[in-house]
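The structure appears below as structure tokens.
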Amino acid sequence: YANLPPSKQEEVEKLLGSSTEETWRQLAGELGYKEDLIDSFTREESPARALLADWSSKETATLDALLAALRKIQRGDIAESLYSESTATSPV
């Protein structure tokens with residue numbers, strides 16, 4: 001994840017943080033974070049960024065792991081945006 005271009009990281013963080021059901025929180029659980037640590041991210045300005053910054057420092061932080069976790073929480077759309085070359089959002 002850390003190897004992604006900053007614009008791509010930002011896009012993923014926005015998608016995780018913008019949803020009403022707090023997708024980043026579900027992702028944190030899927031990535032193996034405990035509830036108290038997840039709660040600590042909520043105090044950050046951007047919880048999704050805090051989560052991904054923390055997670056990307058781990059040895060297990062591969063793009064494949066992130067994509068698999070996103071699909072498990074039914075956010076294949078975010079996984080797809082990681083694969084797309086442009087940062088343009090697809091028309092609905």
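Largest GNM mean-square fluctuation across Glu13, Glu59, Glu44, computed for the chain with C-alpha springs under 10 Å, falls on Glu59.
Partners of Lys8 within straight-line reach, counting aspartates and glutamates whose Cα lies under 13 Å from its Cα and excluding those fewer than 8 residues away in the same chain: Glu80, Glu85.
Under 15 Å of direct C-alpha separation, and excluding same-chain neighbours fewer than eight residues apart, Lys34 reaches these aspartates and glutamates: Asp54.
Apolar share of the accessible surface for the chain: 50 percent from carbon plus sulfur atoms, 1.4 Å probe.
Which residue, Glu80, Glu45, Glu11, tops the fluctuation ranking in a GNM of the chain built on C-alpha contacts under 10 Å? It is Glu45.
Using the 1.4 Å probe convention, the accessible area of the chain works out to 62 Å² per residue with neighbouring protein chains retained.
The values are calculated or read from the model by the stated rules, or taken from the named source; none is laboratory data. Being a predicted model, the structure only gives us computed values, none of them experimental. Ligands, DNA and RNA are excluded from the accessible area calculation, which covers all protein heavy atoms including side chains. Shrake-Rupley method; radii C 1.70, N 1.55, O 1.52, S 1.80 Å.
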